[in-house]
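Asks: Take a look at this one; I'll ask things after.
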Amino acid sequence: MSGKGTILTFTVNVQQWVPGQEPYIIAIVTMDEQPDLRLTALLAGVPLDIAPADLIGTRVETRFLARDDIFYPTFVPEGAPA
């Protein structure tokens with residue numbers, strides 16, 4: 001897979017699972033190679049106060065976030081710096 005897709009919908013999570021955790025965006029993304037495949041993941045590089053109309057339909061690409069020797073897939077807007 002190319003790791004590229006389009007944001008279908010999203011939510012801003014404000015629940016602190018770890019004390020001091022900042023809010024973050026969780027997006028549902030349809031993948032280019034299989035539009036009926038939807039992945040749920042962290043969306044990085046986007047302000048939390050973005051309007052839904054400005055984010056839904058945005059093209060994104062996969063990046064990986066390393067935590068405790070585990071690599072988690074995340075999405076960023078297409079063309080965002082590495």
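Asks: Answer yes if at least one residue in region 49-57 is touching a helix residue (DSSP H, G or I) at 6+ places or on another chain (Cβ under 9 Å), touching a residue at least 12 places away in the same chain (Cβ under 8 Å) and of a type outside the set (D, E), and no otherwise.
Replies: no
Asks: Can you pull out every residue in region 1-30 that is closer than 13 Å to E61 by Cα, assigned to a loop (DSSP other than H, G, I, E, B) and not hydroxyl-bearing (S, T, Y)?
Replies: M1, G3
Asks: If I filter region 39-55 down to residues being in a strand (DSSP E or B) and out of contact with any Gly (no Cβ under 9 Å at 6 or more places or on another chain), which single residue comes out as surrounded by the fewest Cβ atoms within 10 Å (Cβ to Cβ)?
Replies: Ranking the qualifying residues of region 39-55, first place goes to T40.
Asks: Inspect region 17-28 for any residue being over 11 Å from the mean Cα position of the chain (by Cα), exposed (fewer than 13 other Cβ atoms within 10 Å of the Cβ) and among the β-branched types (V, I, T) and give the result as yes or no.
Replies: Yes - at least one qualifying residue is present in region 17-28.
Asks: Any residue at all in region 14-31 that is at pLDDT below 95 and of a type in the set (G, A, S)?
Replies: Yes, region 14-31 has at least one match.
Asks: Could you look through region 5-39, keep only residues that are in contact with a Leu (Cβ under 9 Å, 6 or more places away or on another chain) and small (G, A, S), and pick out the one that is nearest to Y72 (Cα to Cα)?
Replies: Once the filter is applied, the top-ranked residue is A27.
The values are calculated or read from the model by the stated rules, or taken from the named source; none is laboratory data. All values reported here derive from a predicted model rather than from experimental measurement. Cβ sites come from the backbone with ideal geometry, for glycine too, and all protein chains shown count toward neighbours.
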